[in-house]
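Shown next, in structure tokens, is the structure this report addresses.
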Amino acid sequence: MNSVAPTGSISSLIASLCALGERFLALVMLEGEQAGLSLAWMLGLAFAAAVLAMTGWLVLLACIVVALIQNGIVSWGWALSIASLLCFAGAAGLMLIVIQKSRNLLFPATRRSLRRIFGDGQSK
């Protein structure tokens, strides 16, 4: 038995697959555009939050300096020194966290797996 499919059904199958592909690509394009806009909004809002946080920190330091001076606890020089030491201590703490988190950038498990697969790189 020689079974030959009619050419109309093959061409309609191809047309249906093309239409399905176009719809899929249109969906991917729309979702990609939405994801891009969401990312742009997130970055913009994160920047605004960072600016507001820095402004709040500076105002807090200014309040501490003014309170120390108005109450006669320390002079201007000492008050500003205390404020700068607070800033340096905060920056040092953040840098320690950054250094600790940077260890995750080295892909340690992947490197161990690759060493097991390809050997340790030393010729015997």
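Considering only region 52-59, I want to know if a residue exists there that is of a type in the set (Phe, Trp, Tyr), open to solvent by 70 Å² or more (accessible area, probe 1.4 Å), under 27 Å from Ala89 (Cα atoms) and more than 38 Å from the chain's Cα centre (by Cα).
No, the conditions are met nowhere in region 52-59.
Okay, residues lined up against (1) over 22 Å from Met54 (Cα atoms); (2) surrounded by 10 or more Cβ atoms within 10 Å (Cβ to Cβ); (3) of a type in the set (S, T, N, Q):
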| residue | (1), (2), (3) |
| --- | --- |
| Ala67 | no, yes, no |
| Gln70 | yes, no, yes |
| Ser75 | yes, yes, yes |
| Ser81 | no, yes, yes |
| Val98 | no, no, no |
| Ser102 | yes, no, yes |
| Ala109 | yes, no, no |
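Answer yes or no as to whether Ala62 is within 19 Å of the chain's Cα centre (by Cα), open to solvent by less than 60 Å² (accessible area, probe 1.4 Å) and closer than 30 Å to Gly90 by Cα.
In short, no.
Any residue at all in region 29-50 that is more than 25 Å from the chain's Cα centre (by Cα), open to solvent by 60 Å² or more (accessible area, probe 1.4 Å) and closer than 30 Å to Leu85 by Cα?
No.
Taking only pairs six or more apart or across chains, which ones have beta-carbon atoms under 7 Å, a first residue in region 84-98 that is aliphatic (A, V, I, L, M), and a second residue that is assigned to a helix (DSSP H, G or I)?
Filtered contacts from region 84-98: Leu86/Leu61.
The values are calculated or read from the model by the stated rules, or taken from the named source; none is laboratory data. In this text, all values refer to a predicted model and were calculated from it rather than measured experimentally. Don't worry about glycine lacking a Cβ; one is built from the backbone with ideal geometry, like all the others, and counts go over all protein chains shown. We work out accessible area using only protein heavy atoms, side chains counted, and drop any ligands, DNA or RNA first. Shrake-Rupley method; radii C 1.70, N 1.55, O 1.52, S 1.80 Å.
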